[in-house]
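The structure appears below as structure tokens.
The values are calculated or read from the model by the stated rules, or taken from the named source; none is laboratory data. Small disclaimer: the values here were computed from a predicted structure and weren't measured.
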Amino acid sequence: MIDKLYKRRLTEHEEFELMKIVLDKFLWLGIILAGFGLYRLLTGETGQGVLFILSGFVLMLLFTWIIKKEFEQLR
């Protein structure tokens, strides 16, 4: 019960910073997917390479859009 009294709420800025940290990990995942796709492309597996590159690109675009939307919402 005492824990509920001392529980601190995050400010909007702190929430945004935390969201940026989490979404940054997903952007790294997109880069890794695109890099793996490039590796597959160079080793001769064109279909799978292009698929990985496109999936990494889509993932990065999606999460970049989410970050931009949240940033504009805070303004």
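Observations on the structure shown:
- For segment 54-75, the set of residues classified as of a type outside the set (V, I, T) and at pLDDT 85 or above consists of L54, S55, G56, F57, L59, M60, L61, L62, W65, listed by residue number.
- One residue alone among L23, L29, L51, L5 is on the phi < 0 side of the Ramachandran plot, part of a helix (DSSP H, G or I) and at pLDDT below 75, and that residue is L5.
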